[in-house]
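Worksheet: one structure, shown below.
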Amino acid sequence: MIREKSKGLLIVVSGPSGAGKDTIVNKVIQDMKDTKLSISMTSRDPRGKEVDGVDYYFITKEEFEERIKNDEFLEYAVVHSNKYYGTPKAKLEEDLNKGKNVILVIDIQGALKVKEKVEEALFIFIMPPSMEELKDRLIKRNTETRDKILERFKTAYNEINEYTKYNYVVVNDKIDKAVEKVKSIITAEKCRVDRIEDIYLNTKEEFIHEGLINKEFENNEIEI
């Protein structure tokens, strides 16, 4: 039988702040029932209505550092006032082995660490339609100071220069269009020859079992 490999696909999504990657990923997950979001682990405290195991896995700094020693993270980083954030390997592998596609939304440095360890992962970069549009989106958030917006804008400029390290680039000019592109990329990747299990041998075995071919046919020794 020709079939897709039972293991799910690891999808890494990155893009500058304001590019709309979180909105795109949330809509993709809503539409693709076999796809879920990877939940990160952090050493910071929950904020507002955040729920452990839903928004993040919340653990102490000491617990995080112990897990680092035990090599329990696919990638991790220290950000936001010396707080740890990372991707736990055990849960990720569990979901992938169940056939779930898992989307990991992380920054470029984290994505490159994943690329070193998981060559078969799919890497998608979400690009704003222009730097001017990106600046407008950051300003319209109205949640940060002017200096913070300028800092994010400069970071975005540097991040965009790294897009060549990804498999695909999706320009988010219209959200619905960008969502459909990401869904199409995932579907196409699942159909790649190297993601199909035993495509030739299993088909050959079925034909022989059903008596549709034999050694003479295979060796071109019969007349048609």
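Restricting attention to region 30-50, the residues that are farther than 28 Å from Lys183 by Cα and β-branched (Val, Ile, Thr) total 1. Within region 116-138, the residues that satisfy the criterion of being in a loop (DSSP other than H, G, I, E, B), over 17 Å from Ser17 (Cβ atoms) and either modelled with pLDDT of 90 or more or in contact with a Phe, Trp or Tyr (Cβ under 6 Å, 6 or more places away or on another chain) (or both) are Val118, Glu120, Ala121. Only one of the numbered conditions (1) modelled with pLDDT of 80 or more; (2) in a helix (DSSP H, G or I); (3) out of contact with any strand residue (DSSP E or B) (no Cβ under 8 Å at 6 or more places or on another chain) is violated by Lys113, and that is (3). Within region 27-43, if we keep just the residues that are part of a helix (DSSP H, G or I) and touching a strand residue (DSSP E or B) at 6+ places or on another chain (Cβ under 8 Å), the residue that is surrounded by the fewest Cβ atoms within 10 Å (Cβ to Cβ) turns out to be Ile29.
Looking only at residues in region 72-110 that are in contact with a helix residue (DSSP H, G or I) (Cβ under 8 Å, 6 or more places away or on another chain) and not in a strand (DSSP E or B), which one is nearest to Asp34 (Cα to Cα)? By that ranking, first place goes to Ile106.
Within region 58-69, the set of residues being surrounded by 18 or more Cβ atoms within 10 Å (Cβ to Cβ) and either of a type in the set (Lys, Arg) or in contact with a helix residue (DSSP H, G or I) (Cβ under 6 Å, 6 or more places away or on another chain) (or both) comprises Arg67 only.
Any residue at all in region 19-26 that's farther than 22 Å from Val171 by Cβ and either part of a loop (DSSP other than H, G, I, E, B) or more than 14 Å from the chain's Cα centre (by Cα) (or both)? No, region 19-26 contains no residue that is farther than 22 Å from Val171 by Cβ and either part of a loop (DSSP other than H, G, I, E, B) or more than 14 Å from the chain's Cα centre (by Cα) (or both). Residues of region 20-74 that are closer than 21 Å to Ala121 by Cα, without any contact (Cβ under 8 Å) to a residue 40 or more places away in the chain and in contact with a Ser or Thr (Cβ under 9 Å, 6 or more places away or on another chain): Phe73 alone. Checking Pro46 against (1) surrounded by fewer than 15 Cβ atoms within 10 Å (Cβ to Cβ); (2) modelled with pLDDT of 95 or more; (3) of a type outside the set (Lys, Arg); (4) touching an Asp or Glu at 6+ places or on another chain (Cβ under 9 Å), which test does it fail? (2) is the only condition that Pro46 fails.
For (1) within 25 Å of Ile186 (Cα to Cα); (2) touching a Ser or Thr at 6+ places or on another chain (Cβ under 6 Å); (3) loosely packed, with under 15 Cβ neighbours inside 10 Å, each residue gets a yes or a no:
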| residue | (1), (2), (3) |
| --- | --- |
| Lys135 | no, no, no |
| Arg141 | no, no, yes |
| Lys148 | no, no, yes |
| Phe153 | no, no, no |
| Lys165 | yes, no, yes |
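Listed here are the residues, each with its yes/no results for (1) surrounded by fewer than 14 Cβ atoms within 10 Å (Cβ to Cβ); (2) out of contact with any Pro (no Cβ under 6 Å at 6 or more places or on another chain); (3) within 29 Å of Val28 (Cβ to Cβ).
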{"position": "Asp71", "(1), (2), (3)": "yes, yes, no"}
{"position": "Leu74", "(1), (2), (3)": "no, yes, yes"}
{"position": "Ala77", "(1), (2), (3)": "no, yes, yes"}
{"position": "Asn82", "(1), (2), (3)": "yes, yes, no"}
{"position": "Tyr85", "(1), (2), (3)": "no, yes, yes"}
{"position": "Pro88", "(1), (2), (3)": "no, yes, yes"}
{"position": "Leu96", "(1), (2), (3)": "no, yes, yes"}
{"position": "Gly99", "(1), (2), (3)": "yes, yes, yes"}
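The values are calculated or read from the model by the stated rules, or taken from the named source; none is laboratory data. Just so it is clear, the model here is predicted, and its values are computed rather than measured. Neighbour counts are summed over all protein chains in view; Cβ atoms, including those assigned to glycine, are modelled from backbone coordinates with ideal geometry.
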